[in-house]
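Reading through the C-alpha cells given below for one structure.
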Amino acid sequence: MPDIPAASRIAELREQLHQHNHLYYVLDTPDIPDAEYDRMLRELQSLEAQHPEMFDPNSPSQRVGSPILDKFTSVEHLVPMLSLDNVFTEDELTAFEQRLQERLGSDSPIVFTCEPKLDGIAVSLLYEQGNFVRAATRGDGRRGEDISANVRTIASIPLKLMGSYPQRLEIRGEIFMPLQGFYEFNAQAERNGEKPFVNPRNAAAGSLRQLDSTLTAQRPLDMYCYSIGLIEGGEQPNSQFEALAYLKTLGFKINPEVVRATGAEQCFAYYQALQARRDQLPYEIDGIVYKVDDFRLQQTLGFVSRAPRWATAHKFPAQEEMTELLAVEFQVGRTGAVTPVARLAPVFVGGVTVSNATLHNMDEVDRLDVRAGDTVVVRRAGDVIPQIVQVVKGKRKKGARKVKPPAVCPVCESAVVREGDAAAYRCTGGLVCAAQRKQALKHFASRRAMDIDGLGDKLIEQMVDEGLLRSASDLYTLQEADLLNLDRMGSKSVANVLSAIEASKKTSLGRFLYALGIREVGETTANTLAAQFGTLDAIVSADAEALLAVDDVGPVVAQNLLEFFANKDNARVIQALIEAGVHWQDIDLADRGGQALAGNTYVLTGTLEGMSRDQAKQRLQALGAKVSGSVSSKTTALIAGEKAGSKLGKAEKLGVTVLSEEQLLALLAEYEG
C-alpha cells in the first residue's frame, strides 16, 4: 500500500492538472504559467513511477501515450451513430421544415439548433461514474474501432468529468485538427523530409489510426461535442441546446458558433453568415447541421433508414478552382465502355489535390468543348467527385484541337464503336482486351458472384499481367506452382486461394449468370432469369420474345443476352467452366417446391437474427420469388426484422402484408427441400 502522503499528493496533483487542462484547452483561460504546469506534471510522473500500484489510465500523465497496440479492436455502439441526409439550397431547406411540420401536424415555425459541420472524424466517448472508459470511431454506425488510447492523448477531452455527472454517459463529437496546428505540423514534417498531410481531415484521421498513441499525442488534435447518445442515472436535458449547455458543465468543449434559430428563414440566415466567415474560422467546416431542438419533437419525428428525420446537413457549395487540362485520355471498363478522363495540372480544391477529373462520355466532352491545353474550372461535386464544369474560353491557346474518340482501343487496339444513339463508345475486343479481362475477372470472383474469397483485385491483376489468366475458366486450372511465383504469395496463402476456387465450383444458376458479367444483367435480373427458365441451356436458346416475357428484361437487356450467348468466345468460356467442374442445381419448373413462390415479390427491411438479409434474399429467390428493394402496391409481403425503417410505414400505409422473421422461416420451411 502507498503511504498516505504520497497517495494524497498524487490525488491532489491529478485533480489540479485536470482543472488546469480544462482551463487551458477548453476555456482558453490558463491561470498558471506553462513552466508551473510542467513542474506539477513531472512531480506526478515521478510519484506514479514510485507507486505503480496507483496506476490510473485516466491520469493526466497518460496523455503522453501508452504502449503500442497490435491492432484496433471492434466495439459495438450502445446507440447506433446515424448519418445525416443533406439539403443544398434554401428551397430544399424550406421543404425540409415543411415535411417536419406536416408530420407534426402543425404549421408553426420549428425551433432548430444550428451547428457548424466540422470536417473531421466522428467519435463516440463513453464515461462511467465520471471516468473515461472508451472511445470509438463511427465505423458503419453500429460498430466502430476502439481508439481509446489515442483519444486519451487529446488534451481538450476530459478523462474525469466535472460537476454533477450521470452514472453512465455516452457522447458524440468531432475530432479535428485546427488549421494553425495543421500548417505547423506540415511545416515540421517538410523540414524533417517527411510527407505532409493533404488536408486537416486526413491529418485527423491518420492521427487517430496510429497504433502507437505516443505519435497521436504529438498531433495537434481537438474535439467539439455535438450530442448525447446515452445518459443513465443523471439529468435528462429537454432539448439539444440544453444538452450542449449541460455537456459544457461536465467539462466538454462546445462549439461557440452554435445557435438556436426559429424556422427555415433564420436557419438560412445563419448559414449565409457562417459561410461568409468560413475562411476566417480556425478550423474547416463543410456546412451546417440543423437539428430540431425539442427532444420530444425529435422522438415524435423518429428515423428513416439510417438517418434521423429531425436533422439534416446543409452543405456549402462545392469549392472550385482553375487549372490547366493537360490531356484527355481514354479508359476501358469491364463491359468495354471507353470513358474520357481529364488529366489536370494538380490543383488543391475542396480539401484535396486533384489531378484527374471525369468527363463521363463524348457527349459531355462536346458540350464543354474541352481541349488539351485549356484552362478549366474544376469542382468537387458534393465535395467528393472532381469534375470539369467550365472551360475558360478567353484563355484558350491558338491551335487547340477538338478531342476525338479513339478509333481503336487504347489497350488492345480492337475497333471502338458507338452503338446507335448511345453516348458511350465501346471496345469490341471482349475477352481479348486485357482491360476488360481484368475487370471481368474481378467481377466474376466478387462476393455476390462466384464468391472466391482471397482472390483480390491486385492478385487478379498480377495473374493477368503474368499471363496466368486469359478468361474465367483459367482460374480452375491454376496450380500451386503458378501462384507461388507471384509476389506475396506463400504456401499458406496459395492453399487458401486454391481452396476458395475449388469451393466456388458449387454455385447457383443465378450467381453463375451474374458472374458472367453480361451487360446490364444485374443480380436480380440474373436470379429472375434462372427462376423463369430453370436451366442454362433454356436461357441460351431463348429467343427475344421469350426473354422479353421475363420481368426485369427489356429490349436492351434482351439484346445484350442474345449477343452474349451468340458470341463464340463466350460460349467457349462457359463450356470450359462447366468442364472444369463449375456446377449448380437446375430448377425443376414442374416441381411446385422449386417454384412455389414464383410470381410473388418480397421486400426485406430491418435486421434479421437467424440469417443475413442477403441469405434470406437468396433463399426466397431459389423458390422463384422476386426480391425488390422498395415497397409498392404490387409487393406480396414486407419481411420486417428488428429496427425496421420507413419501408414498414409505407407497407402499412399501402396495406401490404408484413411478415416477421419467424413467419419468414415458416414460409421457407414449407417449400424448401
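Please treat every number below as a calculation from the coordinates, not as lab data. Here the structure is a predicted model, which means the values were calculated and not measured. Note: ideal-geometry Cβ built from the backbone for every residue, glycine included; neighbour counts use all protein chains shown.
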Where a Cα-Cα gap under 20 Å defines reach, which aspartates and glutamates qualify for LYS643, not counting those fewer than 8 residues away within the same chain?
-> GLU76, ASP85, ASP140, GLU609, ASP614, GLU652, GLU661, GLU662
Which lysines does LYS397 reach when only Cα atoms under 21 Å apart count, and residues fewer than 8 places away in its own chain are ignored?
-> none
So the angle from the long Cα axis of helix 555-566 to the longest Cα principal axis of the chain, reported in degrees to the nearest 10, equals 60
In terms of the charge dipole of the chain, which places +1 on Lys and Arg and -1 on Asp and Glu at the beta carbon, the residue among PHE112, THR607, MET40 farthest towards the positive end is PHE112
By the Cα gyration tensor axes a ≥ b ≥ c (a/c under 1.5 gives rounded; else a/b larger than b/c gives prolate, otherwise oblate), the shape of region 514-574 is rounded
How long are the three semi-axes of the equivalent ellipsoid of region 430-504, in whole Å, if each is the root of 5 times an eigenvalue of the C-alpha gyration tensor, listed from largest down?
-> 18, 14, 10
More than 16 angstrom apart: percent of Cα pairs within region 297-340 = 70
Return one number: the angle in degrees, 0 to 90 and rounded to the nearest 10, between the long axis of the Cα atoms of helix 613-622 and the longest principal axis of the Cα atoms of the chain.
-> 20
Could you tell me whether region 223-333 comes out rounded, prolate or oblate from its Cα gyration tensor? Rule is a ≥ b ≥ c as square roots of the eigenvalues, rounded for a/c under 1.5, then prolate if a/b exceeds b/c, otherwise oblate.
-> prolate
Give the peptides 534-543, 394-403 in descending order of average Cβ contacts within 10 Å, highest first.
-> 534-543, 394-403
Quote the convex hull volume per residue of region 601-671, based on C-alpha atoms, as a whole number of Å³.
-> 74
Considering the dipole of the chain built from charges on the beta carbon (Lys and Arg +1, Asp and Glu -1) around the Cα centre, which of VAL328, CYS267, THR89 is farthest to its positive end?
-> VAL328
Projecting the Cα atoms of TYR283, VAL352, ALA530 onto the charge dipole of the chain, where Lys and Arg contribute +1 and Asp and Glu -1 at Cβ, the residue farthest towards the positive end is VAL352
Over 33 Å, how big is the tail of the calculated P(r) for region 85-315, in percent of all Cα pairs?
-> 20
Check cross-link reach from LYS492 to the lysines: straight Cα distance under 18 Å, and skip same-chain residues fewer than eight apart.
-> LYS458
For the chain, give the magnitude of the charge dipole about the Cα centre (Cβ charges: +1 Lys/Arg, -1 Asp/Glu; no others), in debye to the nearest 20.
-> 1360
Quick one: putting +1 on the C-beta of Lys and Arg, -1 on the C-beta of Asp and Glu, what dipole do you get for region 509-584 around its Cα centre, in Debye to the nearest 20?
-> 240
Which values, in whole Å and largest first, are the semi-axes of the equivalent ellipsoid of the chain obtained as the square root of 5 times each eigenvalue of the Cα gyration tensor?
-> 51, 33, 30
What is the chain's relative contact order, in percent, from Cα pairs under 8 angstrom and six or more apart in sequence?
-> 9
Assign unit charges at the C-beta atoms only (+1 for Lys and Arg, -1 for Asp and Glu), then state the dipole size of region 150-202 relative to its Cα centre in Debye, rounded to the nearest 20.
-> 220
Cysteines of the chain lacking any other cysteine beta carbon under 4.7 Å?
-> CYS114, CYS225, CYS267
How far is helix 661-671 tilted off the main Cα axis of the chain, in degrees rounded to 10, range 0 to 90?
-> 20
